[in-house]
Structure formats: structure tokens, C-alpha cells
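Okay, so here's the structure we're looking at.
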Amino acid sequence: MNGAAPTSFDTWLAARADGEVGAGLDWLEAQRRSALDQVREQGVPGTKQEAWRYTSLKRLIEQGFARVEDEVTALQLDDIEELLIPELESHRVVMVNGRYTPSLSALGDLPRGVRVTGLRALLASDPDALRERLNGVAGESQPLFAALNTAGLDDGLVVLLDRGAILERPIELIHLSVGMDEPRVAQPRHVVSLADGAQATLIERYVSLGESLYCTNSVLELSLGRDAVLKHDRIQIESPNAFHITGLYLSQDANSRYVGVNIGLGGAWARTDLVTRFSGEHAECDLQGLYLAGDRQLMDYHIDVDHAVPACSSRETFKGILYGKGRAVFDGRVVVAKDAQKTDAAMSNKNLMLSENAEVDTKPQLEINADDVKCSHGTTVGQIEPEKLFYLRSRGISAPLARRMLCMGFAEEIIDALHSDALREAVSEEVGRRLETAPLT
Amino acid sequence: MLSVKGLRAKVGENEILTGLDLEVGPGEIHAIMGPNGSGKSTFSHVLSGREGYEVTAGSVTFEGQDLLALEPEERAHLGVFLAFQYPVELPGVNNTYFLKAALNSIRKARGESELDAVSFLRLIKEKLKILHLNDSLLKRAVNAGFSGGEKKRNEIFQMALLEPKLAILDETDSGLDIDALRVVADGVNALRNPERSMIVVTHYQRLLDYIEPDRVHVLAKGRIIRSGGKELALELEEKGYGWILEQEQAA
């Protein structure tokens, strides 16, 4: 790198040569300006800030990521064949470097009351459909990377289900990063809105062709109406040199149910913020996660569950396997408001350490302001138990295979929670492959 | 087949085995009995290669090989099998997958081809039939949430599948009611053959009503202080261990 490394987000914010998306929409312009101001105001947070206490932004800033501008048009279906899961029957949406790519997508027939489209396209054709929804869940005041995403709004997936609409097959979003010859950041913004009683399954897969250095800064806004059900699997397998950021903002109305399974395997530096807020009673939120962190990998999870109303339940179950010099952070926070009686919340984080050089910072917190609640949290950091290893070895199984089997057994609970057999199998294989080459010191 | 000579082993600073001698020939069943703390489990563990034991003297030779120099999996490849007193629960590890990994690891080590899924399932079915077990335990995680009886049956099932030359049954009868005991003993008896030797470690004579041993040894304070035929077990049942210990001390 020539000259001094960047020390700010200026490279992220340079104006787009062909103009901003949705230019001329006053409300969007206002949102963008507000986001820009927030980014400038926040500067680069240091490790004294609670949200960045365990994770330095230095490495990320130094890359000097610039916004993706060019659309990739040359890719054919053959080129991405290795990334597809043939047995997974889905409504497939492919995005390349943050841009919705219809030629690689296969939406198929969608039932009545279901709209699946690109954010850019919808801003052009029916911006009013997005007016209340864009930043409707993430809110006006945004954390740094959500604000960066808003300021640099580009494209994304929009899924809108009308009242009572039921989608049988999952929507599968494949977010592909490819051929970036200089450090670029793609900033997809996904908006998923389920009206009362609607039901859908969403699968997101973040993948790459090649091992290039890039950044994905994605934001998801999920809104569930009364009685709505969303099942949501997220699989992050970015390039080994990539930076990955997710901000997931979830809002749940009465009796709605959300089940999210987060699998984090790839990337060099990955940060995930899961922020959920209940707005109606008797809603259920189930967040599960599995992460692997090996040499040169950081997996950083921040979970924020806001029990603002009574009688909702939340589960946060995260498991990590760390090896080599892998690092992970689990910072989970459940806040129960004063009026939120009958809240049922349980948070757990378990870590399996395969090497002495791996490191995890885990901090589950409960902040309870109501007196009639059922809340628990637990965290473990342990190693493979010698008696389990001996049991397998005494049956003729080599020590490396025995270790792998025990790791897979540990991961099984979360992989099992995925919402498709084909996906379970694909993830299982990928986890197995990574463990096979995992250094144990 | 198995020759143990002057075996001494300690855990930390405590010497548990103090000069143990034992010869087991092909097809023989030897019962090792003894009071609590006599070193029965330590002996089983040292034979199978569990960590945490330091052998300070003596030798263990199995079919001409120095067993103590081998890793646990290498002992299994030679045909040594330990039925655990407390089978370990492995949540998330599917029992069928585990059995297949074990069998194919052993086959591979012996230069045999690995079994494919179909041949493996056929073999499993056959073994289940011999032991009169149903296949429900195959779908579950290894020993996870199994009852005491189910765990012990799963041990015997593994033994049936892996066809060891030397099986060490470490207090297989502990924690079993009489019906479960009979099922397990029937399984063991079904696996008896002229090439397969067994060491049955037990505190009580009860198990030997069902599994008839060729030799009975009394282990006390880390070594074998008396050996005899199966009538020795009956004598122990009647009189307890005290009289032997007294005789030993007097001698």
C-alpha cells in the first residue's frame, strides 16, 4: 500500500459517479443525509466504546474500502454452479457484489400476495412501497455500519408478504462476491416485511468465487406482523480474506414467531449485530448460531434483545468452535422493561476451544426491570473432554477423526435447527471440511 | 494370547497395581473379582490405554506385541475391546455413524476394504438379531439419554460388531437389574467362541451365574492373590473377601 493507510471512512463515502440510487426522492435524500451526518459524528469508534470493546476497527479501516460501482454482467449460470445446492428447492435470488442479478436468479412462480424484487428496481417503480419500510425497523438513529449502509444505499432484496400470504418454498438469497481487483465494499440492504398472519422461510448465503479481499456490509430489516412466522437461515462463507458485517434489525408484533439460525464460517473479520424488539405480546424469538474461528479469523456477535412488552419469549443459543489463533466475541444483552411481566428469556453461549492460542470473549447480560419473569443465561468455554476422546479411540477411531466427530456432535444442535435437509447437509459438509484442516495448536 | 507380567501402575503418587500377573489363552474366559479399590478398573484401563496411569514396571504382551507401547486405537485395531463400566455419552454423535466409523477404522488398519452403507446396514441387522435387540438405539446419539441397561447393551452391541479377540468387560453388571443383566449376559454368551478371550471384571458373583468363567482370580491391593476354577467365585459369594485377605496376610 502506498502512502499512509486511511484512518477514516471517507473512502466509503465518496459520491457515486453515476449518481445516487433513488435520487430525487425527498424522503430518501433526507435519510441519506441524516445517515451521512451520523457517520461523520461517530467517527471511528475506539475500543473504549462498549460496542467495540473487544474488536478493533483498525484493520478494516486500513483497507480503504471504496463502494462497488460497476455491475458484474458477464457471469453465467455455469460460473456459479459450484455454489448452488441442487437439492434445495427455492425461489432463488442471486446478488453479485451487492447488486440484484436477474439473469442468475430463478424466482419461479410466487403465490398471490407475495412480492420478491430488487430494492433498486422497486425504488424506481414503486418507491411508496418502501417509504415506510426503509429504515422503518433500523430506525432513524443508527449504529455506525447501518448508517454507512444507509448513506451508501445501493441495492438489496425486498420481500413483501400481504396479510395471510403463505410461502411454501424458501426464498434463497445468494450473495456472491467476485473478482474485485481492489478493496471494495458492497452494501446490500434487505427489507423483509410480513403482514399479519403471513409465513415465509428465508435463506441467505454469503459466498464468494476466489479468495479476494472485499467487504460486505449488509443490513436486514425484518418486520413481522401479528401472528406472522419467519424462519430464517443465514450462512456466511465469505472469502478467507473478506470482511463481513451484518446488522439485522427485527421487529415483532403480537404472537409472531421468528426462528433464525446463523452459521458463521468464512471471512477474516466478521461482525454480526442482531437487534430485536417486541412490539406486541406473546411473540417468540429464537436466535441460534454456530461459528468457527480459525487462524486469522475473528467472529464477533452482538445480540440485543429488547423485551419492551409483556409475555414474550426469546432464546439465544450460540455455539462456537475455535482453533489455531481464532478469535470470537459473544456480547449478548437482554433487556426486560419494567412492564414486561411474564417475559421468558434464556441466553446461552458455549465455546469449544481446540487450541491454546484461540481466544473468546463472552459476555451474556440480563437487565431485568420487571419482577415476574423467567430469565437465565449461561456461558461455557471448554475443551474436548478426554473421556469422550478415549471412548472413541478405544473403538479404533484415530484421534484426529475422534476430535472431529466430537466437534461435529457439538455443532449438531445448531446445524439441526436449519430449515432444510439440503442446507443441513451442505453446512455439515462445509463444517467437516474446515475441521479436517483445522490446526489444533 | 495375553500375558501380563509383574505389572505395576500408579495414578499420581498412588501405586494401584503392585505386581499383577495374568495369562489368558485363546477362547478362555477369566473372571477378575475383588473388593472395591483393589485395582480392577485400573487394570481394565491400563490394558485399553486410557490416559492418567503410569506403568512403572512389568509388561503386557498381546499376541506377541507390546500392548503398552500402543495408542488406544492401535490396541483396538489388534482386537482389544473394553466394555466400559460407565459408557460415555456423546450428544450429537449419531450411533450408526459412530459404529460405522469404528468398524471402518479397524478394517482400514487391518488392510481390509471399508464397508459401504448397504453392507454395513446388513451387518448391523444381523448383529442386532443375534443379540435380540431392536434398531431404535441406532438412530439416537451415542449413549445420550440411554438408561443404564441400554448403555450396557450398546457396549455389547459394539463388541458384537467389532468382533474383538480380547474383550474386557469392566463391571458390566454394575447398575443392572436382573432382567437387564440376563440380556447382557446372553449377548456375551452369544459372542463366545474358541478364538475370543474375555476378561470379566466384577465385584459380585452374580454375573458369573450367567457367564461361566474358565478361571477366577481374586485381585487385592493391586495383585492377584488367588486363582481357581469357577467354584472359587461361589466360595467368595458365600464367605466374602475377608477370609482370603486374612489368609494372605497370615502367609
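The values are calculated or read from the model by the stated rules, or taken from the named source; none is laboratory data. Since the structure is predicted, the reported quantities are computational estimates derived from the model, not experimental observations. In this analysis, Cβ positions are derived from the backbone assuming ideal geometry, glycine residues included, and neighbour counts consider all displayed protein chains. Keep in mind that these areas ignore ligands, DNA and RNA; they rest on the heavy atoms of the full protein, side chains included. Shrake-Rupley method; radii C 1.70, N 1.55, O 1.52, S 1.80 Å.
For the protein assembly as shown, the solvent-accessible area works out to 41 Å² per residue, with a probe of 1.4 Å and every protein chain left in place.
Using just the helices of chain B, give the 222 nm mean residue ellipticity in deg cm²/dmol: DSSP H runs with n ≥ 4 each add -39,500 (n - 2.57), and the total is spread over all residues, rounded to 500.
Values: 8 runs with 93 residues, N = 251.
It lands at -11500 deg cm²/dmol.
Our note on the geometry: Cα centres of region B:178-251 and region A:94-130, 75 Å apart.
Kindly sort A:Asp331, A:Asp273, A:Asp109, A:Asp372 by accessible area of their heavy atoms, largest first, with the probe set to 1.4 Å. Before the final figure, lay out each step's value.
Values: A:Asp331 15, A:Asp273 35, A:Asp109 130, A:Asp372 65 Å².
So the residues, ranked largest to smallest area, are A:Asp109, A:Asp372, A:Asp273, A:Asp331.
Sorting A:Trp27, A:Trp269 by accessible area puts them as A:Trp27, A:Trp269; the probe is 1.4 Å, largest comes first, and only protein heavy atoms count. May I ask you to list the residues of region B:195-226 whose amide nitrogen lies under 20 Å from a point 7 Å from Cα along the Cα→beta-carbon direction of B:Glu23? Backbone N within reach: B:195-200, B:213-219, B:223-226. Legend: distances between Cα atoms for A:Lys319/B:Lys100; B:Lys5/B:Lys129; A:Lys350/B:Lys139; pairs beyond 29 Å are B:Lys5/B:Lys129. The order of B:Thr56, A:Thr7, B:Thr42 by accessible area, most exposed first and with a 1.4 Å probe, is A:Thr7, B:Thr56, B:Thr42.
Would you kindly calculate the translational diffusion coefficient of region B:2-250, applying Stokes-Einstein with the Kirkwood radius from alpha carbon pairs, for 10 °C and a viscosity of 1.306 mPa s, and quote it in µm² s⁻¹ without decimals? Walk me through the numbers before you get to the answer.
On the way: Rh = 18.7 Å.
Rounded, D is 85 µm²/s.
I need the calculated FRET efficiency for the pair B:Glu238 and B:Leu121, taking r as the beta carbon distance and R₀ as 56 Å, to the nearest 0.05. Write down the numbers at each step before the final one.
On the way: r = 48 Å, r/R0 = 0.86.
So the FRET efficiency works out to roughly 0.70.
The amide H of B:Leu70, built 1.01 Å from its N in the peptide plane, has no neighbour under 5 Å, considering only residues 5 or more places off or on other chains.
Quick check on chain A: helices-only [θ] at 222 nm, where DSSP H runs of length 4 and up contribute -39,500 (n - 2.57) each and the sum goes over total residues. Nearest 500, please. Don't jump to the answer; show the numbers that get you there.
Working: 9 runs with 86 residues, N = 441.
Result for chain A: -5500 deg cm²/dmol, rounded to the nearest 500.
Averaged over the residues of B:74-81, the number of partner chain Cβ atoms lying within 10 Å of the residue Cβ comes to 3. Each principal axis of region A:10-280 carries a Cα extent, and these read 47, 43, 39 Å when sorted largest first.
Take every Cα pair under 8 Å in region B:2-250 that's 6+ residues apart, average their separations, divide by the length, and report that relative contact order as a whole percent. Display every interim value, and only then the final one.
Values: 425 pairs, mean separation 71.8, N = 249.
Worked out over region B:2-250, it gives 29 percent.
A:Asp10 sits with roughly 100 Å² accessible to a 1.4 Å probe, with DNA, RNA and ligands left out of the calculation. A:Tyr323 sits with roughly 20 Å² accessible to a 1.4 Å probe, with DNA, RNA and ligands left out of the calculation.
Within 10 Å of the Cβ of each residue in A:405-418, the mean number of Cβ atoms contributed by other protein chains is 3.
In peptide B:86-94, how many Cβ atoms from other protein chains are near each Cβ within 10 Å, on average?
6
Within the straight-line cut-off of under 19 Å between alpha carbons, the lysines reachable from B:Lys10 are B:Lys40, B:Lys221, sequence neighbours fewer than 8 places apart in one chain being disregarded. Computed from the C-beta positions of A:Lys374 and A:His419 and an R0 of 35 Å, the FRET efficiency is 0.85 to the nearest 0.05. Buried accessible surface for the B/A pair, both sides summed and rounded to the nearest 100, is 1900 Å² with a 1.4 Å probe. Suppose R0 equals 25 Å. What FRET efficiency, 1/(1 + (r/R0)^6) with r the Cβ-Cβ distance, do B:Ile178 and B:Tyr86 give to the nearest 0.05? Here the calculated transfer efficiency is 0.80.
Surface composition of the protein assembly as shown: carbon plus sulfur atoms contribute 46% of the solvent-accessible area (1.4 Å probe, protein chains only, all chains present). Working from label points 7 Å from Cα in the Cα-to-Cβ sense, the A:Leu13 to A:Glu367 distance is 2.8 nm.
Roughly what % of DSSP beta bridges within region B:2-250 run antiparallel, to the nearest 5? Don't jump to the answer; show the numbers that get you there.
Details: 24 of 42 bridges.
Around 55 percent of the beta bridges assigned by DSSP in region B:2-250 are antiparallel ones.
Residue separation of A:Glu71 and A:Ser125 scaled by 0.36 nm, minus their Cα-Cα distance, works out to 17.5 nm of gained length. Bridges between two residues of chain A, per DSSP, are antiparallel at a rate of about 5%.
With both labels modelled 7 Å from their Cα along Cα-to-Cβ, the B:Glu13 to B:Ser136 distance reads 5.1 nm. Calculation over all alpha carbon pairs of the protein assembly as shown in 10 angstrom steps from 0 returns a P(r) of 3, 14, 21, 19, 14, 12, 10, 6, 2, 0, 0 percent. For A:Asp295, the residues whose amide H sits under 5 Å from its own are A:Lys325, A:Gly326, ignoring neighbours fewer than 5 places away on the same chain, with H placed 1.01 Å from N.
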